[in-house]
Every structure is written in C-alpha cells, then in structure tokens.
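The structure appears below as structure tokens.
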Amino acid sequence: MNKTVIVTGADYNHTGFAIARRFAREGYDVVLTCITEELVNEAVTHLESECPVKVKGFVLDLREKEHSIKLFEELDRQGIFAETLCLNAADLAIGPDASKGTPFFEVTPEYVEYILQANVVGNFRLIQQAALRMKEHGKGSIVFISSNSAIRPNSNRVPYVTSKGGINAMSKSLAVDLGKYGIRSNVIMPGTIKTMRWVAMGDKQITNGTMTPIGDISDFEDIASAVYFLGSDESKNITGAEITVDGGMSTQIFPEILNDYRRAEIAKRESEKEQKK
C-alpha cells in the first residue's frame, strides 16, 4: 500500500502542485486541496495524467472550519491515512500591487486578524485533525511552507510576515509536543519563487537572480525537493528544523550587486572630478 501525502494549495502550475507531483513520482498517493472546485479538478486531472498513483482532490478554504473537519472525515470514511501533511496554502496578503505591499499605517487590525485566521489558525485546525490520526498510527510528518521574510522581513508586509513568523514558532512547539507520538514538524522557508505572479511583474521585480549569492531564485522543484526531504523518512531524525531555500539571499548582509552600484557611483564621481580639473 502506498503512503499518502496531503498538500494544501496545490493549484496546477504552482508550488503546491510541484510538491504534490514530487511525492507522486516517489510513489505516494496524493490528497490535494485548492480553494475552488474548478482548481481542484484541474490539478487532479493533470496529476493523474502525469503519475500512476491515486489522486484525490478537495475544496479547502483555510478560514472555513468545516472544510478541515469534512476533509479528514471523508479520508477516514475511505480508509485513507495521510502520514505527511504539507501546509502550502496561504493568503499572501500582497495588496493591490505585489511590488509595493501595503504601508503600515494603511493596515487595519481587522486585516491582520483576517490573515492570521487563514495562515495560522486555519493551518492549526488542519494540523490538529491530521495529528489525531498520526497519533493513532504512531508516525507522521508535518511540513510548513513559511518564508525567509519570517526572519528577514521585507517592507510593507506586516500581516504576512507576522503570520509566517507564527508558523515558524508553531512548528517548533509542535515538534516538542508531538515528538513523543512519532510526529515530526519542520519548516521550509522559500525566498522568491518563479511563480506566474513573479514573472508577470516584469521590470517591477524586486528580487531576482542578480540579488542572490548563488545567482538564481527558486524554481518550483527546488521547494518540492526540500519538502520531500522533510516529509519523508529521509529526514526521520529531524524535527523542529527550518530549511531556507532562497539561493542564499537571507544569508548575506546585503546583495553584492549593491556593492557594484556603489562602486559605479564612486567611479562616476571621481570621473566628474577629473573632468572639472
């Protein structure tokens, strides 16, 4: 019998779908969720056509309590135990312009609460349901998709950054509380990913390969590989960990390209001085 993974936010041609596909290629059956029936059907159809495993899809809105309960009740009814849960779905809280975010004084407390309801409380509901089943089986792996902004915030993203910081703290707490039941909890912290949204930003892109030490940002598969490592038995003695997948972006004090700009500015000043002599 194949192992089973649940991947939330697994819309086709996005990060979650790549994660689901990676597990499927490793022989896992897949339970995927999207926020609408249309997206669910699209993702299931594509994954079934690519991988010879069982694929089931469910509509899941993280803010709807009943969705989490119904998901696991239906899996129970079908005799499906998911030993890996990947929490990829999130409200990105990007505002009307993804390149600018939302200035702090324009953010309302109600909006912060709205984001936390999805990214923190909604994920907690799923985890609690999954962990009850994992406890019965004496094993399980929880993998959060957080963000490198949880440790090095970018501007005008207070609600989102706060929610991702909460996820990191939750994972460590889960590692302590659930370890005795054979349940592990870890975090992947991506940086910028080559999503359609990022591509569509064009010359408004703030971060790209020129900003990272390794010379590139993440593909979907980079994230999927890291999730598979933490979600599978390849990491059976790892819990409470955070793996950053961002091309080294958050390791540096500042991108080397800024030094290049500064050197060019200094050279220009020196040249202007020489011309005035």
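The values are calculated or read from the model by the stated rules, or taken from the named source; none is laboratory data. Just so we're clear, the structure is a prediction, and the values are computed from it rather than from any experiment. FYI the Cβ positions are ideal-geometry reconstructions off the backbone, even for glycines, and counts take in every protein chain you see.
Each residue in region 126-148 was checked for being among the polar types (S, T, N, Q) and under 16 Å from F72 (Cβ atoms), and 2 pass. Consider region 227-263 and keep the residues that are acidic (D, E), under 30 Å from G27 (Cα atoms) and touching a residue at least 40 places away in the same chain (Cβ under 8 Å). The one that is surrounded by the fewest Cβ atoms within 10 Å (Cβ to Cβ) is E242.
One residue stands out among those in region 138-186 that are over 15 Å from the mean Cα position of the chain (by Cα) and among the basic types (K, R): the one that is surrounded by the fewest Cβ atoms within 10 Å (Cβ to Cβ), which is K180. From the list V120, V161, V176, exactly one residue is of a type in the set (A, V, I, L, M), part of a helix (DSSP H, G or I), in contact with a Pro (Cβ under 7 Å, 6 or more places away or on another chain) and touching a residue at least 12 places away in the same chain (Cβ under 8 Å). Which is it? Being of a type in the set (A, V, I, L, M), part of a helix (DSSP H, G or I), in contact with a Pro (Cβ under 7 Å, 6 or more places away or on another chain) and touching a residue at least 12 places away in the same chain (Cβ under 8 Å) holds for just one of V120, V161, V176, which is V161. Scanning region 102-138 for residues that are under 19 Å from I80 (Cα atoms) and among the polar types (S, T, N, Q) returns Q128, Q129.
Quickly run through region 207-224 and pick out the residues that are β-branched (V, I, T), outside any loop (DSSP other than H, G, I, E, B) and at pLDDT 75 or above. I223 - this is the single residue of region 207-224 that is β-branched (V, I, T), outside any loop (DSSP other than H, G, I, E, B) and at pLDDT 75 or above. Scanning region 172-200 for residues being modelled with pLDDT under 95 and among the hydroxyl-bearing types (S, T, Y) gives a total of 2. Residue count for region 44-79 satisfying the condition of being in contact with an Asp or Glu (Cβ under 6 Å, 6 or more places away or on another chain) and either under 13 Å from V7 (Cα atoms) or buried (at least 16 other Cβ atoms within 10 Å of the Cβ) (or both): 4. Of the set (1) assigned to a helix (DSSP H, G or I); (2) modelled with pLDDT under 80; (3) touching a helix residue (DSSP H, G or I) at 6+ places or on another chain (Cβ under 6 Å), all apply to D203 but (3). Among the residues of region 255-266, are any within 21 Å of I142 (Cβ to Cβ) and modelled with pLDDT of 75 or more? No, region 255-266 contains no residue that is within 21 Å of I142 (Cβ to Cβ) and modelled with pLDDT of 75 or more. For beta carbons closer than 9 Å, sequence separation of 6+ or different chains, a first residue in region 6-35 that is at positive phi and modelled with pLDDT of 95 or more and a second that is surrounded by fewer than 20 Cβ atoms within 10 Å (Cβ to Cβ) and polar (S, T, N, Q), the qualifying pairs are G27/N2.
If you go through region 92-135 and keep only what is closer than 17 Å to S173 by Cα and loosely packed, with under 14 Cβ neighbours inside 10 Å, you end up with Q128, L132. Scanning region 100-123 for residues that are more than 15 Å from N88 (Cβ to Cβ) and touching a helix residue (DSSP H, G or I) at 6+ places or on another chain (Cβ under 7 Å) turns up F104, V107, Y111, V112, I115, L116.
For region 60-119, filtering for residues that are more than 18 Å from the chain's Cα centre (by Cα) and not small (G, A, S) leaves 33.
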